[in-house]
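Peer 1: The following block contains the structure, expressed as structure tokens.
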Amino acid sequence: MSIPETPRSGGCAAFATSPPYLVLCVDDEPSGLKLRQLILEHNGYLVSTAKTASEALEIFKSKEIDIVVTDHLLGRETGTATAKEMKRLKPQVPIIVLSGATDAPDGIEVADAFLSKAEGPECLLAKIHELAVQARTTIARSIAEIPKESRLSTPSATLQLLAAIVESSDDAIFSKTLDGLIMTWNKAAESMYGYQAAEIIGKNVSILQPSDRLGELTDMLERLRSGQKVDQFETTRVAKDGHLLTVSLTISPIWDGGGVVGASTIARDITLSKLAERSLQNSEKLAIAGRMAATLTHEINNPLEAVTNALYLLSESSSLDESARQFLASAQTELASIRQIATATLGLHRGDADCPHPVRVSELFDSVFPIYGRKLRALGIAVETRYESDSLVTVFPGELKQVFSNLIVNAVDALENSGDRLCVHVFSSSDRMKPTQKGLRITLSDNGSGIPKEKRKQIFEPFHTTKGDKGTGIGLWVSLGIVKKYGGSMRFRSVVKPGHSGTTFSVFLPIEPEPTKMTPMVA
């Protein structure tokens, strides 16, 4: 790709005698990002690029960025929100926010400049150069103003600076002797593990080890005594309150003269990222299982039809005695159940039509329940349905089946340990936030053990699950997204009092949603 020569301002000649500026460009539109990178590189800048806000923040934290140029809209994120976080981390780095609109967006005050993309590359280059030079000059002036006696010309001053850096780090940093006794403990370690420095310094680092990982400490100390480094080792540690953390550890030997006298540890909490990783893997497995179920169900329908026809022809035979006809009737009943389950499963996983259409909620529930009939009977769960309204809701049926399926599965899981009743109630209602909006209220209640209070706030968040390895943490999140898409709402209440425990989920769906273009959601 050829980039036209852009006239450089007189100030750009400083590139020949000054270190090149490193610019971080952020844009979720690949072609625009690439062209901006080429123009900047053509004018002597070093460029790092990012397509998402999270990717940009990671680069911003790890590199010595001189200036940031970010688009305003970054998918679901905004450049101003990203700029706010960057300013919190490194307030001295200038930030330019770009937009296709000419009006400055909300929150622009956190940035150093706003430019419309219509102003062209010359304006952008001039503003980048102006702010980058200004920032570097300000830093140089600040250093020059530090009294000579305060500069890092002595070992003690250097140690003070290093101590300040360690104390302000976002990672937990602590040191220990070769016997495992903790010597130093920074603020991030206090926050991560829950121990204050005063209560843990002098104690053995084994206090952080789960009982099943005590052998790790012995192995690590042996490696450190021989001068080896442990780099980005992922393991499990236990906080003061007993909860487990997944951490990434980098442990380095501390040398004094010719020998190793201790070890420094940098620990990063990766619990959430690992949970997200496992949940994504589980959700992919679920997606594969869903596609496989749809394929198998479709293939099953052909032999099912053949068996159904054969039984029908057999029932027409006049040579069957009464006993044979009873066996035949039983076979036809069981076959009808198989056909219903297969049809319901296929309907749950296959794509809907191009447009939503009116359906009865009661009919959708009745088509989903047979899928879980065997488990409900095995657990002795009594199902009560009260359909007090036949009003139609306009939806993609497969999506609403997915919502009901998720709620039923959660209720059945809750009833595995205690409880024996599952109630579904469908009735006419109005939106609590907009009383004039009429619709249907669907409640699904169980008398299980209930949801602990400390787990309720995150119940609709992605990758949060109360089921341990059994759950993926995306069912309720996806369900809430589907319900909101139709202008509805979802709430729940739960009680954990013995003898009076249980959980109720309440879904409101408008009877006449506001006109909108809908497309099926993908879990």
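Peer 1: Under 7 Å between Cβ atoms, which residue pairs at least 6 apart in sequence (or on different chains) link something in region 77-92 that is outside the structural domain of Ile165 (by TED's automatic domain parsing) and touching a residue at least 40 places away in the same chain (Cβ under 8 Å) with a partner that is crowded, with 21+ Cβ neighbours inside 10 Å and among the charged types (D, E, K, R)?
Peer 2: Close Cβ pairs (under 7 Å, with a partner that is crowded, with 21+ Cβ neighbours inside 10 Å and among the charged types (D, E, K, R)) amount to Gly79/Asp71.
Peer 1: Could you list, in sequence order, the residues of region 391-402 that are in a loop (DSSP other than H, G, I, E, B) and either at pLDDT 85 or above or within 16 Å of Pro370 (Cβ to Cβ) (or both)? Outline the logic, then answer.
Peer 2: The initial filter retains those residues of region 391-402 that are in a loop (DSSP other than H, G, I, E, B), namely 391, 396.
Ser391 - this is the single residue of region 391-402 that is in a loop (DSSP other than H, G, I, E, B) and either at pLDDT 85 or above or within 16 Å of Pro370 (Cβ to Cβ) (or both).
Peer 1: Still on this model: Taking Arg223 and the conditions (1) surrounded by 14 or more Cβ atoms within 10 Å (Cβ to Cβ); (2) in contact with a helix residue (DSSP H, G or I) (Cβ under 9 Å, 6 or more places away or on another chain); (3) among the basic types (Lys, Arg), which numbered condition does it fall short on, given that it satisfies the others?
Peer 2: (2)
Peer 1: How many residues are touching a residue at least 40 places away in the same chain (Cβ under 8 Å) and either outside any helix (DSSP H, G or I) or closer than 12 Å to Asp27 by Cβ (or both) if we restrict to region 37-65?
Peer 2: Residues in region 37-65 being touching a residue at least 40 places away in the same chain (Cβ under 8 Å) and either outside any helix (DSSP H, G or I) or closer than 12 Å to Asp27 by Cβ (or both): 5 in total.
Peer 1: Still on this structure: Residue by residue through region 355-405, note down the ones that are among the hydroxyl-bearing types (Ser, Thr, Tyr) and within 34 Å of the chain's Cα centre (by Cα). Walk me through it before giving the result.
Peer 2: Taking region 355-405 as the starting set, the residues that turn out to be among the hydroxyl-bearing types (Ser, Thr, Tyr) are 362, 367, 372, 385, 387, 389, 391, 394, 405.
Residues satisfying the conditions are Ser362, Ser367, Tyr372, Thr394, Ser405.
Peer 1: Right, here's the next one. Take the residues in region 281-309 that are more than 30 Å from Gly475 (Cα to Cα) and surrounded by 11 or more Cβ atoms within 10 Å (Cβ to Cβ), then tell me which one is modelled with the highest pLDDT.
Peer 2: Applying the filter and picking the extreme gives Val307.
Peer 1: It is to be established whether one or more residues within region 38-48 are in contact with a Leu (Cβ under 7 Å, 6 or more places away or on another chain) and over 23 Å from Thr138 (Cβ atoms). I'd like the intermediate steps shown before the answer.
Peer 2: At the first step, the residues of region 38-48 found to be in contact with a Leu (Cβ under 7 Å, 6 or more places away or on another chain) are 43, 46-48.
Applying the additional criterion that residues be over 23 Å from Thr138 (Cβ atoms) yields none.
Checking region 38-48: not a single residue is in contact with a Leu (Cβ under 7 Å, 6 or more places away or on another chain) and over 23 Å from Thr138 (Cβ atoms).
Peer 1: Let me ask you something else. Provide a single number: the residues in region 162-206 that are in contact with a strand residue (DSSP E or B) (Cβ under 7 Å, 6 or more places away or on another chain), in a loop (DSSP other than H, G, I, E, B) and surrounded by 13 or more Cβ atoms within 10 Å (Cβ to Cβ).
Peer 2: Residues meeting the conditions: 6.
Peer 1: Can you say whether Arg278 is under 25 Å from Glu461 (Cα atoms), modelled with pLDDT of 85 or more and of a type in the set (D, E, K, R), as far as the supplied structure shows? Outline the logic, then answer.
Peer 2: On the way: under 25 Å from Glu461 (Cα atoms): yes; modelled with pLDDT of 85 or more: no; of a type in the set (D, E, K, R): yes.
For Arg278, the condition - under 25 Å from Glu461 (Cα atoms), modelled with pLDDT of 85 or more and of a type in the set (D, E, K, R) - is not met.
Peer 1: Which residues, taken from region 406-461, are among the acidic types (Asp, Glu) and either over 17 Å from Lys375 (Cβ atoms) or outside any strand (DSSP E or B) (or both)?
Peer 2: Asp413, Glu416, Asp420, Asp431, Glu454, Glu461
Peer 1: I'd like the full set of residues that are surrounded by fewer than 21 Cβ atoms within 10 Å (Cβ to Cβ), in contact (Cβ under 8 Å) with a residue 24 or more places away in the chain and touching a strand residue (DSSP E or B) at 6+ places or on another chain (Cβ under 8 Å), limited to region 477-505.
Peer 2: Val483, Gly487, Ser489, Met490, Phe492, Ser494, Val495, Ser501, Thr504
The values are calculated or read from the model by the stated rules, or taken from the named source; none is laboratory data. As the structure is a prediction and not an experimental result, all values here were calculated from the model. When we count neighbours, we look across all protein chains shown, and the Cβ atoms used for this are built from the backbone with ideal geometry, even at glycine.
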